[in-house]
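Quick notes on the structure that follows.
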Amino acid sequence: MTIQDGVLLSVKGLKKYFPVRRGVFRRIVGWVKAVDDVDLFIPEGETLGLVGESGCGKSTCGRTILRLIEPTAGEILFRSQRLGQVVDIAKVGKNELKLLRREMQIIFQDPYSSLNPRMTVGDIIGEPLIVHQVARGKEKENRVKELLEAVGLKPEHMQRYPHEFSGGQRQRIGIARALALDPQLIICDEPVSALDVSIQAQVLNLLEGLQEEFHLTYLFIAHDLSVVKHISDRVAVMYLGKIVELAETEELFTHPIHPYTEALLSAVPVPDPDYKSERIILQGDVPSPVNPPSGCYFHPRCPYAKPVCSEEPPTFQDYDGKHFAACHFAGELSLRGVKMK
Amino acid sequence: MHDLVTKIIESRLPSTEVFRGLRKHRLALIGAGIILVLIFIAILAPFIAPHDPIEQNLEHRLLPPNAEYPLGTDNLGRCILSRLIHGTSVSLQIGVIVVGIAATTGVTLGLIAGYRGGLVDELIMRIVDVLLAFPGIILALAIAGILGPSLYNVMLALAVVGWTSYARVVRGSVLSVKEKEFVEAARALGAGEARIMFRHILPNVTAPVIVMATLGMAHVILAAAALSFLGLGAQPPTPEWGSMLNDGRAFMRTAPHLTIFPGLAIMVTVLAFNFLGDGLRDVLDPRLKGAAR
């Protein structure tokens, strides 16, 4: 198991296929390829943004990395501090997995359904401490108070129930719960998509502050490009279960080399009244992941498609060292990005 | 004093909201009041009953209500009021024990079926289907008949018949609650299955169970009375309301008080539980929709 120095998480060939069953005998008639051969890595302390349309497999990818969903195939290499070695999350046993849960956590999209309405805030945030037998009683209470302060809430909120808080405050509670065990990796599954725009900025700033304070590594899943641009060091673009382009944030936004990224970027609103928007409107719908198109999955909607695109699937390869893309013409097309501030 | 008030307001538990909601529901309050009175009567029975409930006095057979015997006497000269008072605890015990066993069994099995799914679910729910396919009271009659006439066998029979509806309702709620993100969050923290089932899912499916259990009390008390009326339940001389009805049957024309008063006792108790159950449903159901938001 090899992993580069300074890299916390390295995913190789990750696949998650869900069976489609029909009929009386629940026969398997096909597979939904929710995550299809995903490669990515995140260096320690960095944020990797993962963007894509609804249903492209972003969330499934995040949950598969945490083994909340069992992967079909692939390697998920993780540099574990507690185990003192690099482990393959996809293959570890039940006991090791429980240990690893202390090092990787998740923040959910919906601040309403992600907190148990029958538990007090203190119990919610303290639960990880109880489950892993880290602290109890007075010690647990102190830790919970500490965490509440770290996320900008008050210690006396411990006794309250989630329904007494606003969406933004609830999201802070969810963040405090994720932080309770001092994890290294946090998967943020669209943590601000359900929030008011004014609250989004607060929560994003909180996440950035916490990253610095606790040296966290984020996999930041989102569909809002401006949010991703703001928080990510590098960005991966996903389409129909595959990563089509991955590069450093500025590089990806200014010089996309995959036509799908170009189309996504053209949809980012520019706050300039003189700017003439030239949106690329993609033809058709996202194809069904049960029966994806031949060759490159994007070819039926790609304005630059050539015959080879419908025949051969492109490989995900490296252009100029840090810029990865899966397109036959990645180096040749001259695509339009957006200006960075 | 002021501190205490703010403390109470700040620690608003969901249960206090239930009480606040119930306060506006007059029938439920009446029901709860009657049940409280019945509980007191059951506990204090030996002190408030004017006579020994099983003492026979053949000189005073079939007396109509009078000063000595406020509700009259039965065919063996026993004080009907005293028998009713002592019968209260019998009926309440039947209700509590049967509903307790049925709800615990049903909730646990429903929880497991809903959470685990697959074969376990199929197995449990098919057993439920089979039991529900029989008319409940007839099945209970058959079970009690096989086990032999006794109050305990009747309770057992009613519990065997009764747990199925709890299992169904709980399984349904579990199916929706287990998809909530807080369950996934618990898994992500490394919480075990038992913890997820009992700490996270169970508290979010109790609302319909409370309503069902309250209404179930009424049903069970009535069913136990019916089985006792048929001679399968409480054996003489136990003062059970259903068997008192049965004893009085032969004297309905000459001494109607033998059947009227036990009948009234059953009716009032059953109505009280129904009122409370309806009220609880009204209070808990809107929260039920919002409970696991």
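Quick note: the coordinates plus some simple rules give every number you see, no bench work behind them. In this text the structure is predicted, and so the values were computed from the model without any measurement. As a convention, Cβ positions derive from the backbone with ideal geometry for all residues, glycine included, and neighbour counts pool all protein chains shown.
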Query raised in the report: In vacuo Debye scattering of region A:188-298, one point per C-alpha: log10 I(q)/I(0) at q = 0.16 Å⁻¹?
Result: -0.89
Query - In sequence order, calculated HN-Hα J values of region A:125-140 (Karplus, 6.51, -1.76, 1.60; Hz; x Gly/Pro) - result: 6, x, 4, x, 5, 6, 4, 9, 6, 8, 8, 8, x, 4, 4, 4
Report summary line: chain B: spread of alpha-carbon positions along the three principal axes, whole Å, largest first, is 76, 58, 26
Requested in this report: Could you grab the Rg to Rh ratio for region A:52-102? Cα atoms only, Kirkwood for Rh.
Outcome: 1.02
**Report entry** Cβ-placed point charges (K, R +1; D, E -1), dipole of the protein assembly as shown about Cα centre in debye, nearest 20
**Finding:** 1680 debye
Query raised in the report: How many percent of all Cα-Cα pairs in region A:1-73 sit more than 17 Å apart?
Result: 52 percent
Report summary line: antiparallel share of DSSP beta bridges within chain A, to nearest 5, in %, is 65 percent
**Report entry** Long-range amide H partners of A:Val86 with built H, under 5 Å
**Finding:** A:Ser80
**Report entry** Inter-label distance, nm, simple model (7 Å from Cα along the C-beta direction), A:Glu250/A:Glu212
**Finding:** 1.8 nm
Report task. Could you give the spread of the C-alpha atoms of region B:96-183 along their three principal axes, from largest to smallest, in whole angstroms? Result -> 50, 25, 16
Report task. Rounded to the nearest Å, what's the spacing between the alpha carbon centres of region B:237-275 and region A:270-316? Just the number, please. Result -> 79 Å
Query raised in the report: What number, in percent, do you get for the relative contact order of region B:144-276 if the mean sequence gap of Cα pairs under 8 Å and at least 6 apart is divided by its residue count?
Result: 27 percent
Query - MRE, 222 nm, helices only [DSSP H, n ≥ 4, -39500 (n - 2.57), over chain A, to nearest 500] - result: -8000 deg cm²/dmol
Query raised in the report: Averaged across the residues of B:191-197, what count of C-beta atoms belonging to other chains lies within 10 Å of each residue's C-beta?
Result: 2
Query raised in the report: So what is the relative contact order of chain B, in percent, for Cα pairs below 8 Å that sit 6 or more residues apart?
Result: 25 percent
Requested in this report: With θ set to phi - 60°, apply the Karplus curve 6.51 cos²θ - 1.76 cosθ + 1.60 along region B:111-119 and write out the HN-Hα couplings as whole Hz, x wherever there is a Gly or Pro.
Outcome: 4, 5, 4, x, 6, 6, x, x, 5
Report task. Starting from the Cα gyration tensor of region A:259-327, take the square roots of the eigenvalues, sort them a ≥ b ≥ c, and report rounded, prolate or oblate (rounded when a/c is under 1.5, otherwise prolate if a/b is larger than b/c, else oblate). Result -> oblate
Report task. Using only alpha carbons, build the gyration tensor for region A:83-190 and give me the equivalent ellipsoid semi-axes, biggest first, whole Å. Result -> 25, 16, 11
Query raised in the report: Just counting partner chain Cβ atoms within 10 Å, what average do the residues of peptide A:190-199 show around their Cβ?
Result: 0
Query raised in the report: Going by how many other beta carbons lie within 10 Å of each one, how would you line up A:Ser166, A:Ser10, fewest first?
Result: A:Ser166, A:Ser10
Report summary line: Per the rule of 0.36 nm per residue minus the C-alpha distance, extending A:His223 to A:Phe18 adds in nm 71.5 nm
Report summary line: Listed with the fewest Cβ neighbours within 10 Å leading, A:Ile243, B:Ile146 appear as B:Ile146, A:Ile243
Query raised in the report: Taking the Cα atoms of region A:12-127 alone, what are Rg (to one decimal) and Dmax (as a whole number) in Å?
Result: 16.8, 50
Query raised in the report: Can you give the calculated 222 nm mean residue ellipticity of chain B, where each DSSP H run of n ≥ 4 adds -39,500 (n - 2.57) and the sum is split over every residue, rounded to the nearest 500 deg cm²/dmol?
Result: -24500 deg cm²/dmol
Query raised in the report: Where the Cα atoms of the protein assembly as shown are projected onto their three principal axes, how long is each span, largest first, in whole Å?
Result: 115, 65, 53
Requested in this report: Could you tell me the distance between the Cα centroids of region A:5-72 and region B:146-177, to the nearest Å?
Outcome: 43 Å
Query raised in the report: Taking region B:24-100, how much of its Cα-Cα pair set, in percent, is spaced more than 20 angstrom apart?
Result: 43 percent
Report summary line: Taking only Cα atoms of region A:121-173, the Rg to Rh ratio with Kirkwood Rh works out at 0.96
Report summary line: Ordered by fewest other Cβ atoms within 10 Å, a rough proxy for footprinting exposure, A:Ser54, B:Ser89 read A:Ser54, B:Ser89
Report summary line: Computed from every Cα-Cα pair in region A:226-279, P(r) in 10 Å bins starting at 0 and rounded to whole percents is 23, 52, 22, 2
Report summary line: The long-range amide H neighbours of A:Trp31, using H built 1.01 Å from N in the peptide plane and a cut-off of under 5 Å, are A:Val20
Query raised in the report: For A:Thr47, which sequence-distant residues (separation of 5 or more, or a different chain) have an amide H within less than 5 Å of its own amide H, given hydrogens modelled in the peptide plane?
Result: A:Tyr218, A:Asp233, A:Arg234
Query raised in the report: Per residue of A:104-116, how many C-beta atoms from partner chains lie within 10 Å of its own C-beta, taken as a mean?
Result: 5
Query raised in the report: Which percentage, to the nearest 5, of the DSSP beta bridges contained in the protein assembly as shown is antiparallel?
Result: 65 percent
Report summary line: Kirkwood-based Rg/Rh on the Cα set of chain A evaluates to 0.99
Report summary line: Taking the reciprocal of mean 1/r across every pair of different Cα atoms in region A:34-73, the Kirkwood radius in Å is 11.2 Å
**Report entry** Cα long-axis angle, helix B:136-147 against chain B (0 to 90 degrees, to the nearest 10)
**Finding:** 70 degrees
